[in-house]
Amino acid sequence: ARSVDTDSENTKVTGIFGRQRVVQLLRLCRDNISSNGKLRITLYQNASDVLPVFDSGWIDRSETIFTSDAIEASWDSGNWWDRIAVDDSDQGNGKTLQLDNDFSVERIDFEIDDEANPDGFIQIGLLELASSLPLPTPPSIGATEGFASRSTVIESEGGSEDFEIRESRRIFNGVLPYVRHDEYLARFYSFIKSSDFHTPFIVWK
């Protein structure tokens, strides 16, 4: 989805599910919202409700990730005061909002305030609303997370290489050493069965 401009009145999205669904996590992917942009998420139990069951208020698009002594947040890096990643280095990173509780909702209002965006428009590739599955126990020692490169390289006969840069896939490998039988049947079995390998999900900590 792409707005015609950056006016806040044109950067609002309303989603209606058709029936109530459980929402506890929001994931924003492939957007061009600048590091100074702000977001607001409002959830309603019914599509016609006026009073929400959840209102995030205005929150920053980017999170503080640097300390005051980090070289990435030095005086001349452009982000000393807020200590967030600058736009060019933060490109491709999604935004995840984990709610404190799960809410049964039928409608969501999603607002963006980024009128100074240099692109002149706001673009969103994916806005995913989902339930969450807190892990009952931490993964065993040796669990890893990181990125799997998807970029490709073509080498010419003369030896020069040309790269097609693709966004890396996030990966997580780990083992839960113990899950109660009833909890597995009620939640994990259903999750594995319905997700298969075609349904996206995120491991969030």
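Here is how the numbers come out for the structure above:
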read-out	value
Counted residues, segment 126-145 - those being modelled with pLDDT of 85 or more, surrounded by 12 or more Cβ atoms within 10 Å (Cβ to Cβ) and of a type in the set (S, T, N, Q)	0
Any hit, segment 173-195, residues being touching a strand residue (DSSP E or B) at 6+ places or on another chain (Cβ under 7 Å), open to solvent by 80 Å² or more (accessible area, probe 1.4 Å) and not hydroxyl-bearing (Ser, Thr, Tyr)	yes
Whichever residue in segment 146-164 is of a type outside the set (Asp, Glu) and open to solvent by 100 Å² or more (accessible area, probe 1.4 Å) and, among such residues, is modelled with the lowest pLDDT	PHE147
Single match in ALA116, ALA47 (criterion: in contact with a strand residue (DSSP E or B) (Cβ under 9 Å, 6 or more places away or on another chain) and either modelled with pLDDT of 85 or more or among the basic types (Lys, Arg) (or both))	ALA47
Residues that are among the β-branched types (Val, Ile, Thr) and closer than 15 Å to PRO139 by Cα, drawn from segment 160-187	ILE171, VAL175, VAL179
Selection count, segment 151-178, where residues are within 27 Å of SER132 (Cα to Cα) and either over 27 Å from the mean Cα position of the chain (by Cα) or among the charged types (D, E, K, R) (or both)	5
Contacts under 9 angstrom Cβ, first residue in segment 166-180 being hydrophobic (A, V, I, L, M, F, W, C), partner in a strand (DSSP E or B), 6 or more apart	ILE171/THR144; ILE171/GLU145; ILE171/GLY146; ILE171/PHE147; ILE171/ALA148; PHE172/THR144; PHE172/GLU145; PHE172/GLY146
Residues of segment 1-16 that turn out to be assigned to a loop (DSSP other than H, G, I, E, B) and in contact with an Asp or Glu (Cβ under 8 Å, 6 or more places away or on another chain), as a count	3
Filtered residue count, segment 141-165, keeping only those that are under 22 Å from GLY94 (Cα atoms) and in contact with a Phe, Trp or Tyr (Cβ under 9 Å, 6 or more places away or on another chain)	4
Exclusive hit being basic (Lys, Arg) and either within 17 Å of ASP31 (Cα to Cα) or touching a Leu at 6+ places or on another chain (Cβ under 7 Å) (or both), set ARG150, ARG169	ARG169
Out of PHE110, PHE103, sole residue that is crowded, with 18+ Cβ neighbours inside 10 Å, hydrophobic (A, V, I, L, M, F, W, C) and in contact with a Phe, Trp or Tyr (Cβ under 6 Å, 6 or more places away or on another chain)	PHE103
Residues within segment 18-44 that are over 20 Å from the mean Cα position of the chain (by Cα), at pLDDT 90 or above and open to solvent by 30 Å² or more (accessible area, probe 1.4 Å), tallied	2
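The values are calculated or read from the model by the stated rules, or taken from the named source; none is laboratory data. Keep in mind the model is a prediction, meaning the values are calculated, not measured. With ideal geometry, Cβ positions are generated from the backbone for all residues, glycine too; neighbour counts draw on all protein chains shown. For accessibility, only protein heavy atoms count, side chains too; no ligands or nucleic acids. Shrake-Rupley method; radii C 1.70, N 1.55, O 1.52, S 1.80 Å.
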